[in-house]
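Q: Have a look at this one before I ask anything.
The values are calculated or read from the model by the stated rules, or taken from the named source; none is laboratory data. This one's a predicted model, so the numbers in the text were calculated from it and none came from an experiment. Methodologically, a virtual Cβ is constructed for each residue, glycine included, from the backbone with ideal geometry; neighbour enumeration extends over all protein chains shown. What goes into the accessible areas is simple: the full protein's heavy atoms, side chains included, and nothing from ligands, DNA or RNA. Shrake-Rupley method; radii C 1.70, N 1.55, O 1.52, S 1.80 Å.
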Amino acid sequence: MSQYKMNIVGKINLADYSSIQDYMSIVNKNDNLTIIMDKNDDENVKIICNMLENKNFVINSSELHNGDKYYIKAFKNVD
């Protein structure tokens, strides 16, 4: 089982979603992925969670840490 981490700094633009989706595609079955995003990006947190679910990820948690960063922790359920 591999561990992947994506740290997204700043606002997400429409063009960034393609890169995020590409990164999700390299994660294999039973691998873990942690995505870290800025706190002031609530709408994009929801969008990223939906993208993960559509790519067969199970979201373990989506929490605010230290008052300034969202941590989304997920694992890929199937290939």
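Q: Averaged per residue, what accessible area in Å² does the range 12-79 show with a 1.4 Å probe, protein chains only?
A: On the way: 3900 Å² over 68 residues.
Per residue, the range 12-79 has an accessible area of 57 Å².
Q: Measure nothing but the geometry: give the 0 to 90° angle between the long axis through the Cα atoms of 16-25 and the longest principal axis through the Cα atoms of the chain, rounded to 10°.
A: Once rounded, the angle reads 30 degrees.
Q: A further question on this structure: Between residue 58 and residue 7, what is the label-to-label distance in nm when each label sits 7 Å out along the Cα-to-Cβ direction?
A: Distance between the two pseudo-spin positions: 2.9 nm.
Q: Kirkwood Rh over alpha-carbon pairs of the chain, then Stokes-Einstein at 25 °C and 0.890 mPa s: what D in µm² s⁻¹, rounded to an integer? Spell out each step's value before the answer.
A: Values: Rh = 12.5 Å.
D, rounded to a whole number, is 196 µm²/s.
Q: Can you give the angle from 0 to 90° between the axis of helix 42-54 and the longest principal axis of the chain, with both taken from C-alpha atoms, to the nearest 10?
A: Approximately 10 degrees, to the nearest ten.
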